[in-house]
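We did not get these values from a lab; they are worked out from the coordinates using the rules stated. Quick caveat, the model's predicted, so the values are computed rather than measured. A quick note on method: Cβ atoms are made from the backbone with ideal geometry, for glycine too, and the neighbour counts reach across all protein chains shown.
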Amino acid sequence: MSQPARIPLRDEFNSRARDALGDAQLRRNFRGAMDSLMEKRAAAFSDADERERLRTLGNHIRARALSRLPDLLEQLESNLTANGIQVHWAETTEQANRIVLDIAERRQARQVIKGKSMVSEEMDMNHVLADHGIECLESDMGEYIIQLDHEKPSHIIMPAIHKNADQVARLFERELGEPYTRDVNELIQTGRRILRQKFFDADIGVSGVNFAVAETGTLVLVENEGNGRMSTTVPKVHIAVTGIEKVVAHLRDVVPLLSLLTRSALGQPITTYINMISRPRQAGERDGPEEVHLVLLDNGRSQAFADGELRQTLNCIRCGACMNHCPVYTRVGGHTYGEVYPGPIGAIITPHLVGLDKVPDHPSASSLCGACGEVCPVRIPIPSLLRRLREENVSRPDPGHAVMRGQGSKYSALESTVWKLWRTLYTRPLLYRLFRFFATRLRALTPSRLGPWTEHRGAPKPAARSLHELARKHLEQSR
Amino acid sequence: MNAPRTFVPQATRTAEPDAAPRTYPEHKPERIYLFGTCVVDLFFPEAGMDAIRLLEREGIQVVFPQAQSCCGQPAYTSGYTDQAREVARAQLALFDQDWPVVVPSGSCAGMFRHHYQELFAGEPDTLARARAVAERTYELAEFLLHVCRVELHDQGPPTEVALHTSCSARREMHTHHHGRALLDQLSGVRRVDHDHESECCGFGGTFCVRMPDISGAMVADKTRSLRDSGATRVVSADAGCLMNINGALKKQRAPLQGQHLASFLWQRTGGQP
């Protein structure tokens, strides 16, 4: 298909999207994977009433926890400390990395094995540690695959979902010298065999956290591969990294959230492993790490927290259902977003982490179809928040009263004027009447090319008479 | 960080506004307002006229305030909230009698029914008016089905149609149920499913020009599945989606075309086009 002339200036998001859309293999991989995930979720929630009640409960648990966030974090710290877990606070990713490096230096660590952690991706931990001569190996199979291929995760739950078995087989052949096979079980066995030894060689295990329980000082970690348990029990030191929003008040809160998380993410009634980490190895115990650390990272989360509406962003329990159901994500994949968190949740959280000006197109990368909000297990009104961020994008902040970092970076005097004219047109009945008159009478002059619209569609032509005119005539006659 | 000490409910804006089923009036009203919408006004006026005829056939007098224009949705979803609010204010002023407001487009009905209350959250008087109007706003298919309780008598030859429902109509107004129920009353019409039926057609208001390639890919997929469904006609209750889908079908030189539900229902039941 020949490409028509285009607007020359295409922003980064759109140009990455364009590349992704042109990759037929990538599109097949995503469509197939997302279709299957949607089916699995639907099957896991076969009772719609139960699902909706559970979602409401999940929302309430998260909202309640966030409404007491500072208190709960203090309670968490004191209970973790009492349990022998060392708590560290980091406002920025640099500080978080510094904390990890200090521990590594004190322990003279050379090798780190990682369970899956999106916060460590935020920190870019692998590269920071590598710069200090510490090898950091991913042990989650998906993360391991993309680390081998020097890529970033394309999905928060299934980081290598953009690759199919053939692509993984060729990667293993190339990077590991393994014989080519498309048998998924064999591929996984290869990975497991290599990783198994690495768990024993590692000085430090790093993991994320799914829920941090304030009342008991417990870190809850769910996983399906056993690598999380290995990473947090075999090395002598375990460092957990997490965002400050992951705290919940009570142990009983974890039960419904776990059910929502595993069913929404992969359609599983429960994950294969649920780890509840409450303390380091005690005297007389035969395994477990000697030291356990928790790094609590802010990285822009308190900015979202400060706004009653945007705070709902922090309800997220990282299930990925919003991306699985997003027609935009399904077509362009995670890498198009160019940031750690892709898809609808990425579009509403990333602006807080990196500044709205760094990702001004993320809130626009949605038709606001509402599929994400409909499936969110904790009822985050993602479409409303996307819309709100669009508003912050084009609103210049009052001096000293910015709602968020990078606010107003998409403000354009021209676009702003266009919308003012639009308002004038639709609030002045006489003006709108004139507009209708000319649009219908001069319909033959409608251009056949209308910017991006006509790249994929024919140009719409106004009707010969507007509804206003037809209705007036009709209603006058029938009176 | 200073957090409020009390529990703050998060229900200021909900993802699914119509979680509880709506109750409908027992009797048909004598009069209704029709809010035509800006897209119907200029691009699908016959759909608006067919809506009027369908309603009149039910013995209802239709009032069409001539000062109406647009619900404000394009500015609202683009983040120009202040401009959207002024356009919304101008519409609200037109529907002051206690008559139902019927809208032949689910997403515009959703603006009236859910989002005006967000726009005027800071203006108690206007908010009260917005709430009152929201309470009596109906999407056309919903109104025909649940308030008029229409009984449609199909007079057309056997045919197969695919129904496309706009996403906001589906999620904010449950229009897919209403559209299906109305089509199912037509004895000669077989409704055929199309692949990924509940997926967005890629219109999304200004989304289609801000993210043209993604929107183009979405409408390409949507029209492919509509063509593959075997339907001889596409029916939709939302003019925005129709403009997008018909535009793409036209570009593909496909014989298939989309028609507004109001026009389809009117023509199938003996009305003259």
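In straight Cα distance, which aspartates and glutamates are under 19 Å from residue A:236, not counting same-chain residues fewer than 8 positions off?
The qualifying aspartates and glutamates are A:102, A:105, A:135, A:138, A:201, A:203, A:285, A:287, A:290, A:291.
Sort segment A:256-330 into rounded, prolate or oblate with this rule: let a ≥ b ≥ c be the square roots of the eigenvalues of the Cα gyration tensor; rounded if a/c is under 1.5, and if a/c is not under 1.5, prolate when a/b is larger than b/c, oblate otherwise.
oblate
Using a cut-off of 11 Å between beta-carbons, work out the net charge of the residues near residue A:245 (Lys and Arg +1, Asp and Glu -1, residue A:245 not included).
+4
Counting partner chain Cβ atoms within 10 Å of every residue's Cβ in A:388-399, what's the average?
What the average comes to for A:388-399 is 3.
Could you put A:326, B:148 in order, starting from the residue whose Cβ has the fewest other Cβ atoms within 10 Å?
In increasing order of surrounding Cβ atoms, one gets B:148, A:326.
Evaluate the charge dipole of segment B:31-146 about its Cα centre and quote only its size in Debye, nearest 20, assuming +1 on the Cβ of each Lys and Arg and -1 on the Cβ of each Asp and Glu.
About 80 debye.
Which whole-angstrom value gives the distance between the alpha carbon centres of segment A:296-343 and segment A:23-67?
After rounding, the separation between the Cα centres reads 14 Å.
For segment A:279-388, what number results from the quotient of the Cα radius of gyration and 2.2 N^0.38 Å?
1.32
Which ³J(HN,Hα) values, rounded to whole Hz and listed in residue order, are derived for segment A:359-365 from phi using the Karplus coefficients 6.51, -1.76 and 1.60 in 6.51 cos²θ - 1.76 cosθ + 1.60 with θ = phi - 60°, glycine and proline given as x?
In residue order, the calculated couplings are 10, x, 8, 4, x, 7, 7 Hz.
Considering every residue in B:238-248, what mean count of other chain Cβ atoms within 10 Å of its Cβ is obtained?
Across the residues of B:238-248, the mean count of other-chain Cβ atoms within 10 Å is 2.
Hey, rough spin-label estimate for residue A:290 and residue A:53, points 7 angstrom out along Cα→Cβ, what's it come to in nanometres?
5.1
Might you report the magnitude of the Cβ-based charge dipole of segment A:72-302 about its Cα centre, with Lys and Arg at +1 and Asp and Glu at -1, to the nearest 20 debye?
Once rounded to the nearest 20, the dipole reads 580 debye.
Just report the Cα centroid separation between segment A:393-454 and segment A:73-150, whole Å.
47
Can you tell which of B:23, B:185, B:205 lies farthest toward the positive end of the dipole of chain B, using +1 and -1 charges on the Cβ of basic and acidic side chains (Lys, Arg; Asp, Glu)?
My answer, from the dipole projection, is B:205.
Under 12 Å from a point 7 Å along the Cα-to-Cβ line of residue A:180: which residues of segment A:125-167 have their amide N that close?
It comes to A:166-167, nothing else.
So how do B:107-113, A:245-251 stack up, highest first, on mean other-Cβ count within 10 Å?
Descending packing order for the listed peptides: B:107-113, A:245-251.
Is the shape of segment A:72-302 rounded, prolate or oblate, going by the alpha carbon gyration tensor and its root eigenvalues a ≥ b ≥ c, with a/c under 1.5 for rounded and a/b larger than b/c for prolate?
prolate
Within segment A:423-444, find all residues whose amide N lies under 15 Å from a label point positioned 7 Å from the Cα of residue B:257 along Cα-to-beta-carbon.
none
Out of residues 5 or more away from residue A:86 or on other chains, whose amide H comes under 5 Å of its own, with H placed 1.01 Å from N in the peptide plane?
Under 5 Å from the amide H of residue A:86: A:292, A:293, A:294.
How would you rank A:76, A:431, going from fewest to most other Cβ atoms within 10 Å of each one's own Cβ?
A:431, A:76
I need A:137, A:467, A:37 ordered by Cβ neighbour count within 10 Å, fewest first.
Result, fewest neighbours first: A:137, A:37, A:467.
Around residue A:291, with a cut-off of 10 angstrom between Cβ atoms, what is the net charge of the other residues, counting Lys and Arg +1 and Asp and Glu -1?
Charge balance in the 10 Å sphere: +3.
When the dipole is taken about the Cα centre of chain B, and only Lys, Arg (+1) and Asp, Glu (-1) are charged at their Cβ, what size is it in debye, to the nearest 20?
360
Extending each Cα 7 Å along its Cβ direction at residue A:357 and residue A:74, get the distance between those two points in nm, one decimal.
Label-label distance for residue A:357 and residue A:74, simple model: 3.5 nm.
Please give the average number of partner chain Cβ atoms lying within 10 Å of the Cβ of each residue in A:426-438, rounded to a whole number.
That works out to 4 on average.
Considering only C-alpha atoms, what is the centroid distance from segment A:219-250 to segment B:203-231, in Å?
When both Cα centres are located, 42 Å separates them.
For labels at residue A:424 and residue B:159 in the simple 7 Å Cα→Cβ model, what's the distance in nm?
Each label point is offset 7 Å from its Cα along the Cβ direction, giving 4.4 nm.
Beta carbons within 10 angstrom, averaged per residue: use that to sort the peptides A:420-430, B:32-42, A:311-321, highest first.
Descending packing order for the listed peptides: B:32-42, A:311-321, A:420-430.
By the scheme Lys and Arg +1, Asp and Glu -1, what is the net charge of all other residues having a beta-carbon under 13 Å from that of residue A:34?
Combined, the nearby Lys, Arg, Asp and Glu give +2.
For chain A, find the longest principal axis of its Cα atoms and tell me its angle to the long axis of helix A:48-67, 0 to 90°, nearest 10.
So the helix axis and the longest Cα principal axis differ by about 70 degrees.
Name the residues of segment A:337-360 whose amide N is less than 12 Å from a point 7 angstrom out from the Cα of residue A:19 along the C-beta direction?
Residues passing the 12 Å test: A:337-338.
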